[in-house]
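Asks: Here you go, one structure.
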Amino acid sequence: MSIELILPEIDKKQTRLKVEEVIETYRLYLLTIPEERLPKITATYSLVPPANTNSFYSATEDLAIKAVDEERKRVRFVEWFTKAINRLAPKEREALYLRYLDEEELFDYEVYNSLGMSESYYHQKFKPRLLLKLAMALNIAIYKDME
């Protein structure tokens, strides 16, 4: 007896657009979060969330925290995105950082040259697979209608 797993077909174009939209939201949210709460980039292009060891809050601090629910939402979003990025392979994280997350986004040709890849490999295999894997890690892949 064999088990056949049928996965729905992913709409690659719509998924890529959704991933790029989420990346842009991440970049914008980073600008609104205090610097001490931002993830740090390591030498292996891993994003490391800050360690908050002081878990004691006074009543005033607690009220202030509740008053900034929007900031909490942004911080959760950044943490969600950070966890997804860290699930990628090191070379994929590096490419993603260079292309989308660095302060000065590089062009695709600068990224594939930096990574030592050919243009055709980068555009036909590497980048589409990278964006698809990120979509899957974020659980935002868009599927084609199954009829």
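The values are calculated or read from the model by the stated rules, or taken from the named source; none is laboratory data. Note that the structure is a prediction, hence the values are computed from the model and not measured. Heads up, the Cβs are rebuilt from the backbone with ideal geometry, glycines too, and the neighbour counts pull from every protein chain shown. Calculation scope for accessible area: heavy atoms of the full protein, side chains included, ligands and nucleic acids excluded. Shrake-Rupley method; radii C 1.70, N 1.55, O 1.52, S 1.80 Å.
Asks: Given Tyr143, Tyr122, Tyr97, which one is touching a helix residue (DSSP H, G or I) at 6+ places or on another chain (Cβ under 7 Å) and either touching a residue at least 60 places away in the same chain (Cβ under 8 Å) or among the hydroxyl-bearing types (Ser, Thr, Tyr) (or both)?
Replies: Step by step, each of Tyr143, Tyr122, Tyr97 is checked, and only Tyr122 is touching a helix residue (DSSP H, G or I) at 6+ places or on another chain (Cβ under 7 Å) and either touching a residue at least 60 places away in the same chain (Cβ under 8 Å) or among the hydroxyl-bearing types (Ser, Thr, Tyr) (or both).
Asks: Pairs please, first residue from the stretch 100-112 and closer than 16 Å to Lys40 by Cα and in contact (Cβ under 8 Å) with a residue 40 or more places away in the chain, second anywhere and open to solvent by less than 60 Å² (accessible area, probe 1.4 Å) and of a type outside the set (D, E, K, R), Cβ atoms under 7 Å, 6+ apart in sequence or on different chains.
Replies: Pairs that qualify, where the first residue is closer than 16 Å to Lys40 by Cα and in contact (Cβ under 8 Å) with a residue 40 or more places away in the chain and the partner is open to solvent by less than 60 Å² (accessible area, probe 1.4 Å) and of a type outside the set (D, E, K, R), are Tyr100/Ile23.
Asks: Given the condition open to solvent by less than 40 Å² (accessible area, probe 1.4 Å), more than 23 Å from Ile140 (Cα to Cα) and either at pLDDT 95 or above or assigned to a helix (DSSP H, G or I) (or both), answer yes or no: does some residue in the stretch 113-123 qualify?
Replies: yes
Asks: Restricting attention to the stretch 82-99, which residues are touching a strand residue (DSSP E or B) at 6+ places or on another chain (Cβ under 8 Å) and either more than 14 Å from Ile41 (Cβ to Cβ) or open to solvent by 40 Å² or more (accessible area, probe 1.4 Å) (or both)?
Replies: Answer for the stretch 82-99, where residues must be touching a strand residue (DSSP E or B) at 6+ places or on another chain (Cβ under 8 Å) and either more than 14 Å from Ile41 (Cβ to Cβ) or open to solvent by 40 Å² or more (accessible area, probe 1.4 Å) (or both): Asn86, Tyr97.
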